[in-house]
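First the structure, in the form of structure tokens, and then the observations on it.
What follows draws every value from the coordinates through simple rules; no lab data is involved. Nothing here was measured: the structure is a model prediction, and the numbers come from that model. A quick note on method: Cβ atoms are made from the backbone with ideal geometry, for glycine too, and the neighbour counts reach across all protein chains shown.
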Amino acid sequence: MAGENAVNPLLECTQGLFALAAELKRGDRGASLGEDFRERVMRACDEMERLGFEARISAQDIRDAKYAVVAYIDEAVMSSEWPGRLEWMAEPLQVTFFGDHLAGEKFYERLAELRQRGEQAKDVLEVYFVCLQLGFEGMYRLRGLEQLMALQVDLQAQIDNYQRNLEPRLTPEAAPAEGMLQQVRQQVPLWVIPTVTASLAILAWLGFQAALAHRAGNSAEQIAALTESLPVAREEVRP
């Protein structure tokens, strides 16, 4: 992944799934989506694995990234107005692919294990980070926003450190002038951003923008590249 224009290959592999999840976040929150939505998601999961294999990503990294995105999509469906959400809840993707109902907790358990693996898990950690940035809460829905945001700040710092190690010659002038969250908010289409209350958004920006400032390396560009390609990916997974 070293190199000035390196792109996280796992983010490229998951863009079709993120595009489908974004359809649940738009104006009617998925109310107008067809009955084939689950089938489209299943096809996108297959496509993710195919792309990962072609990119020579390890099977374990693909599986870890898939768990994160599947947990995010399950939560997005259950919070949506899609007519098929009750049937989905009877068998969420986490059950279909991983045989458990506890992704709200295990997402964070897996994240903790990945963080222990260190720099070798950087690409997978960024997928988890994107899921959190796009609104995944899991068990923190009950524990509260403050703890979740603190976790995101800590995770961001860890990824930043790995990125600096990959690009030791990065100058201060080359570092983004704005925080990661601010860049994502400006570059990601509005329909991608999860629907949150204005008060929570204000708290998030004011409380943590300083801690996330001066993102070093390419991670912002990677997520920007991902989100710019989301509309295309959404069309590709349509029947």
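Need the full-extension length gain, E105 to R56, defined as separation in residues times 0.36 nm minus the C-alpha distance. One decimal, nm.
Numbers: separation 49, 0.36 × 49 = 17.64 nm, distance 2.94 nm.
Computed gain between E105 and R56 is 14.7 nm.
Packing-wise, with mean Cβ within 10 Å as the measure, how do 44-51, 110-117 rank, highest first? All intermediate terms of the calculation are to be shown ahead of the outcome.
Details: 44-51: 17.5, 110-117: 15.0.
Ranked from most to least packed, the peptides come out as 44-51, 110-117.
Under a straight-distance cross-link criterion of Cα-Cα below 25 Å, which lysines are reachable from K122, leaving out those fewer than 8 residues away in the same chain?
Here the lysines satisfying the reach criterion relative to K122 are K66, K106.
Fewest first, what order do T96, T14 take by the number of other Cβ atoms within 10 Å?
Fewest to most other Cβ atoms nearby, the residues stand as T96, T14.
How much length would be gained if the chain were fully extended between R164 and Q116, taking 0.36 nm per residue of separation minus their Cα-Cα distance, in nm to one decimal?
Answer, rounded to one decimal: 15.5 nm.
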